[in-house]
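The values are calculated or read from the model by the stated rules, or taken from the named source; none is laboratory data. In this text, all values refer to a predicted model and were calculated from it rather than measured experimentally. Neighbour counts run over all protein chains shown; Cβ positions are idealised from the backbone, glycine included.
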Amino acid sequence: MDSRKIRSAYEGRSIQAPSAIRHGSLAGSGPPAARGALEPLLRPELLENKIASQAAEIEQLARDNHRLTASHVTLREDVVAARHEAQKLKEHIRSIQNESDIQIRVLQEKIAKMEPDIRVGESVKKELQQALIEAQNLVKVRQELIAQIQQASQELVKTRSDVKCLPELHAELEDLRKEHHRLR
């Protein structure tokens with residue numbers, strides 16, 4: 001071990017509180033002047049300890065306040081970004097849905113027009129089968145889009161619940177500010 005030591009603020013001194021000295025085992029011993037002489041020596045130490053403790057607490061509250069403020073700003077930015085992204089997703093999904101609906105209608109019209117020709121020949125039947133496969137693929141794409149819409153809706157619900165937490169964070173931040181000002 002290192003032979004050098006950092007001396008404690010209490011090293012070599014009594015850390016008994018003044019009330020314990022007045023009411024404790026030393027209460028009746030010695031002349032009143034001697035008892036009074038101990039109190040002034042201990043009070044500055046206690047005040048220094050109290051001030052140091054309060055300063056540490058104020059520093060901790062300031063760090064907490066700074067951290068909460070940074071978190072609050074980040075959350076606000078995240079909410080704005082999430083809202084923007086959700087709006088873009090909605091627009092993109094609507095666009096894809098419209099395009100998909102148009103393609104499905106076109107294919108359905110193709111199928112309807114091809115039905116009389118199917119009776120005519122086998123080559124037309126193969127085209128119809130291809131159109132049917134395309135329609136099935138579009139249905140699959142549509143189902144995937146529906147799943148994406150549901151996922152986007154769930155993300156939107158989550159984002160909204162995150163936004164609902166903002167007032168609680170504001171309140172907590174305000175309480176910490178008030179506590180910080182009160183401690184000053």
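Here is a list: 119, 43, 63, 83. Which entry is assigned to a helix (DSSP H, G or I), modelled with pLDDT of 95 or more and either closer than 30 Å to residue 183 by Cβ or not polar (S, T, N, Q) (or both)? Quick ask: steps written out before the conclusion?
Values: 119 fails: modelled with pLDDT of 95 or more; 43 fails: modelled with pLDDT of 95 or more; 83 fails: modelled with pLDDT of 95 or more.
Just a single option satisfies the conditions, and that option is 63.
If you go through the range 63-73 and keep only what is surrounded by 15 or more Cβ atoms within 10 Å (Cβ to Cβ) and among the charged types (D, E, K, R), you end up with just 64.
To keep it simple, each residue is scored yes or no on (1) small (Gly, Ala, Ser); (2) loosely packed, with under 14 Cβ neighbours inside 10 Å; (3) more than 33 Å from the chain's Cα centre (by Cα).
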{"residue": "50", "(1), (2), (3)": "no, yes, yes"}
{"residue": "61", "(1), (2), (3)": "no, no, no"}
{"residue": "75", "(1), (2), (3)": "no, no, no"}
{"residue": "83", "(1), (2), (3)": "no, no, no"}
{"residue": "93", "(1), (2), (3)": "no, no, no"}
{"residue": "109", "(1), (2), (3)": "no, yes, yes"}
{"residue": "121", "(1), (2), (3)": "yes, yes, yes"}
